[in-house]
Amino acid sequence: MTSAIEIVWRQALKTFDGRKNVGFKLCLKNFDKLWNLMNKITAEDVNLNKQVLDSIQMQPAPMCVIDIFENKDLTISIFILKHGVTMPMHNHPGMHGFLKVISGEVQVNSYTLKTNDDHRIKLNKKITALRHRPITLHSNSPACVLMPRDKNLHEISCIEGPAAFLDILSPPYDVGDCGNGPRPCTFFKTISSKLCTDSADIIEEVKLLVIEGPPDFYSKSLKYTGPPLM
């Protein structure tokens, strides 16, 4: 019998096949089908059991990562945040993505840049973004979606943990864009903000500063022990 994670994997391959090619057009029907399949994934489907989760709090790293699959079009991973840890605000340059919580509870703050900067935003640059209303996600919540521009930045805080989420990104960070080399993951911090009252979803306009990756935030790799994908 085909496992639930293999079904998700096959649909992700179908959805993002050729993602790196010039002129790629996303099929929304395939995208929506992948989102619906992601919504059904559980910790049991990827063999993320209590023993693994209990061991996370004993790790010195604030986050653990389980790599499941990667090719030129997409990457599938599981991220596990220790209780009380926040994944710093970062971007996903030109990417589509899904985030499905499978254990614990997180709060996600998402941001949309107001400018049309390319993927290579210089260190110490100030940039304006819109902060969307934060959402709280747990194992019964639908997958959170990020787009190449809308809600492309986010920070994720573990409010009940350890918290684990299945993550699909397309294309991967390591896949270059138009021959310009790998997509950099850029980190940001808020330096000022003002309230927005004309939108139910957008709560603030914020000024962000591009910063170095926080040295105290790092990850430990764990082996994937769930069902094979082929």
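We did not get these values from a lab; they are worked out from the coordinates using the rules stated. Computed from a predicted structure; not experimentally measured. Here the Cβ positions follow ideal geometry from the backbone for every residue, glycine too, while neighbour counts run over all protein chains shown.
Structure data summary
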item	result
Karplus 3J(HN,Hα) series, Hz, for the stretch 147-155 with 6.51 cos²θ - 1.76 cosθ + 1.60 (x for Gly, Pro)	10, x, 10, 5, 6, 7, 9, 7, 10
Only Lys, Arg (+1) and Asp, Glu (-1) charged, at Cβ; the chain dipole about Cα centre in debye	480 debye
Mean separation of Cα contacts under 8 Å (6+ apart) over length of the stretch 86-143, as relative contact order %	48 percent
Length added when fully stretched, LYS189-LYS50, from 0.36 nm per residue minus Cα-Cα	46.6 nm
Backbone HN-Hα couplings from phi across the stretch 30-38 [Karplus 6.51/-1.76/1.60, Hz, Gly and Pro as x]	5, 4, 5, 5, 5, 4, 5, 5, 4
Three-way shape call for the stretch 4-222 based on the alpha-carbon gyration tensor, with the a/c threshold at 1.5	rounded
Local electrostatic count, VAL85, Cβ distance below 15 Å [Lys/Arg +1, Asp/Glu -1]	-2
Gaussian network model of the chain, springs between alpha carbon atoms under 10 Å - residue of CYS144, CYS27, CYS64 with greatest fluctuation	CYS27
Whole-Å distance, taken between Cα centres, linking the stretch 124-167 and the stretch 1-63	16 Å
In order through the stretch 51-56: 3J(HN,Hα) via Karplus (6.51 cos²θ - 1.76 cosθ + 1.60), integer Hz, x for Gly, Pro	4, 5, 5, 5, 6, 4
Residue among PRO134, PRO184, PRO60 with the largest mean-square fluctuation in a Gaussian network model of the chain, springs linking Cα atoms under 10 Å	PRO60
Residues whose placed amide H lies under 5 Å from that of GLN59, excluding near-sequence neighbours	none
Dipole of the chain [Lys/Arg +1, Asp/Glu -1 at C-beta], most positive-end residue of ILE78, THR128, MET147	THR128
Estimated [θ] at 222 nm from DSSP helical runs (n ≥ 4, -39500 (n - 2.57)) normalised by residues in the chain, nearest 500	-4000 deg cm²/dmol
Choice from GLU204, GLU212, GLU105 showing the highest fluctuation, given a GNM over the chain with Cα pairs closer than 10 Å	GLU212
Above-threshold pairs, the threshold being 20 Å between Cα atoms, out of LYS82/LYS194; LYS33/LYS223; LYS100/LYS126; LYS82/LYS220	LYS82/LYS194; LYS33/LYS223; LYS100/LYS126
Rounded if a/c under 1.5, otherwise prolate or oblate - the stretch 1-124, Cα gyration tensor axes	oblate
Pairwise label distance in nanometres, ASN116 with ASP32, each label 7 Å out on the Cα-Cβ vector	2.9 nm
C-alpha center-to-center spacing [the stretch 70-90, the stretch 192-209] in angstrom	26 Å
Relative contact order (%) - the chain, alpha-carbon pairs under 8 angstrom, separation at least six	28 percent
Mean Cα-pair separation over length for the stretch 97-217, i.e. relative contact order, pairs under 8 Å, 6 or more apart, %	36 percent
